[in-house]
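Next up is a structure, given as structure tokens.
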């Protein structure tokens, strides 16, 4: 199976796409994201992509602050070339050349020149420190979640245990999910009501549990599945403004996903398609079903995944017009994080810690507190 994240945005970050920024510089950058002025950073680890983008953006902010017209007067192609050159220089051994080039082009007074020099010198170091800390914290969360799924899955609850972890760490699903924002009451309410209309969606059958765990069915039936729904402004691959509607159903860790859960996902998709308010061409849905594991006895989920392999999206089981459906297990999610960031993890020599002796409350409290 491919090891990419779930569908990533066409630009390296989603931070400017959540809403229209008030700051003139941020508005300018949001426009450049839509116009393809920034590099795509294809083939780079996700966290390194984000760091490269933020680092280059910080350099552009220094230029914009020093002389806005020096930037806004340029044509799109000129901006694209300059951004590419600055991005390459910033990660080369010639990063001091950035200041030399800008100082020779911009007509600045002495005070502004000194301020620009100080800004550029601090930009790279601050960005590096920030990127390393974010990756370290995420690596820690990934390892603690793995320990939770290995050693404490029978006792872990969807609410409040997993809910707090997921809401603090949505990046677990991939870089495209780093900033999902707050709930929108109307969208969440409708999405939840349609979900609850799916027959048997909260029931747990003996076939949903491994043979060794069937004794826990009474406790499992007392738990409610974790449901998250978000609707965020976004851009499609053509640069058009759309709503990205993300619905995540997280099954209790004691349940092994099987054909019955796949049918429920398909049934939910049909209800969404039939709902008039969700019929807008501007609404694009991603329905994600996630559990600790896929049942060893199930063949249909794996068959559907096999049929979508050419799309290169992990866990994809259906790709319709304006709607994608995914089935994931936590170990795939965690391994994808490690693989997508392997180069940086190895370069920083981040070690895989053992949390086998950590208690369930300790692990959960730490992960809920480690929001990044």
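The values are calculated or read from the model by the stated rules, or taken from the named source; none is laboratory data. Computed from a prediction, not measured in an experiment: that's the story for all the values here. No Cβ is skipped: glycine too gets one built from the backbone with ideal geometry, and neighbour counts run over all protein chains shown.
Tell me yes or no: at least one residue of region 294-305 is surrounded by fewer than 18 Cβ atoms within 10 Å (Cβ to Cβ), farther than 21 Å from residue 329 by Cβ and more than 25 Å from the chain's Cα centre (by Cα).
Scanning region 294-305 turns up no residue that is surrounded by fewer than 18 Cβ atoms within 10 Å (Cβ to Cβ), farther than 21 Å from residue 329 by Cβ and more than 25 Å from the chain's Cα centre (by Cα).
Being surrounded by 17 or more Cβ atoms within 10 Å (Cβ to Cβ) and under 30 Å from residue 152 (Cβ atoms) is the filter here; which residues of region 261-292 pass it?
Correct list: 261, 262, 264, 265, 268, 286, 287, 288, 289, 290, 291, 292.
Yes/no matrix, rows are residues, columns are (1) modelled with pLDDT of 80 or more; (2) assigned by TED's automatic domain parsing to the domain that holds residue 314; (3) part of a loop (DSSP other than H, G, I, E, B):
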site	(1), (2), (3)
171	yes, yes, no
176	no, yes, no
183	no, yes, yes
189	yes, yes, no
202	no, yes, yes
213	no, yes, no
219	no, yes, no
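Another one. Could you tell me which numbered condition residue 17 fails, if it satisfies all but one of (1) buried (at least 17 other Cβ atoms within 10 Å of the Cβ); (2) at pLDDT below 65; (3) over 30 Å from residue 172 (Cβ atoms)?
Looking at each condition in turn, residue 17 falls short on (3).
For the list (1) touching a strand residue (DSSP E or B) at 6+ places or on another chain (Cβ under 6 Å); (2) closer than 21 Å to residue 192 by Cα; (3) crowded, with 17+ Cβ neighbours inside 10 Å, I need the number of the one condition that residue 308 fails.
(2)
Still on this model: State all residues of region 229-263 that are under 19 Å from residue 196 (Cβ atoms) and assigned to a strand (DSSP E or B); if no residue qualifies, say none.
We begin by selecting, within region 229-263, every residue under 19 Å from residue 196 (Cβ atoms); these are 229-231, 245-252, 255, 260-263.
Residues satisfying the conditions are 229, 230, 231, 245, 246, 247, 248, 249, 250.
Can you tell me which residue is modelled with the lowest pLDDT among those in region 124-152 that are crowded, with 16+ Cβ neighbours inside 10 Å and farther than 30 Å from residue 293 by Cβ?
Filtering region 124-152 for residues that are crowded, with 16+ Cβ neighbours inside 10 Å and farther than 30 Å from residue 293 by Cβ, the one modelled with the lowest pLDDT comes out as 124.
Continuing with this model, one more query. Considering only residues that are farther than 15 Å from residue 327 by Cβ and assigned to a loop (DSSP other than H, G, I, E, B), which ones fall in region 279-295?
Selection gives 280, 281, 282.
Condition first: at pLDDT 80 or above and surrounded by 17 or more Cβ atoms within 10 Å (Cβ to Cβ). Now tell me which residues in region 52-70 satisfy that.
52, 53, 54, 55, 56, 57, 58, 59, 60, 61, 64
Filter region 153-169 down to the residues that are at pLDDT below 85 and touching a strand residue (DSSP E or B) at 6+ places or on another chain (Cβ under 8 Å), then identify the one that is surrounded by the fewest Cβ atoms within 10 Å (Cβ to Cβ).
159
Which residues, taken from region 311-322, are surrounded by fewer than 19 Cβ atoms within 10 Å (Cβ to Cβ) and farther than 21 Å from residue 175 by Cβ?
Going through region 311-322, the residues surrounded by fewer than 19 Cβ atoms within 10 Å (Cβ to Cβ) turn out to be 311-312, 318-322.
Within region 311-322, 318, 320, 321, 322 qualify.
Can you tell me which of (1) surrounded by fewer than 17 Cβ atoms within 10 Å (Cβ to Cβ); (2) outside the structural domain of residue 201 (by TED's automatic domain parsing) is the one residue 368 doesn't meet?
Single failed check for residue 368: (1).
Might you let me know whether region 102-123 holds any residue that is modelled with pLDDT under 80 and closer than 30 Å to residue 367 by Cα?
Initial filter on region 102-123 (modelled with pLDDT under 80): 102-123.
Okay, now just the ones that are also closer than 30 Å to residue 367 by Cα, so 123.
Checked against the condition, which is being modelled with pLDDT under 80 and closer than 30 Å to residue 367 by Cα, region 102-123 yields at least one hit.
If residue 348 passes every condition in (1) in the same structural domain as residue 232 (by TED's automatic domain parsing); (2) surrounded by fewer than 21 Cβ atoms within 10 Å (Cβ to Cβ); (3) at pLDDT below 95; (4) farther than 22 Å from residue 201 by Cβ but one, which one does it miss?
(1)
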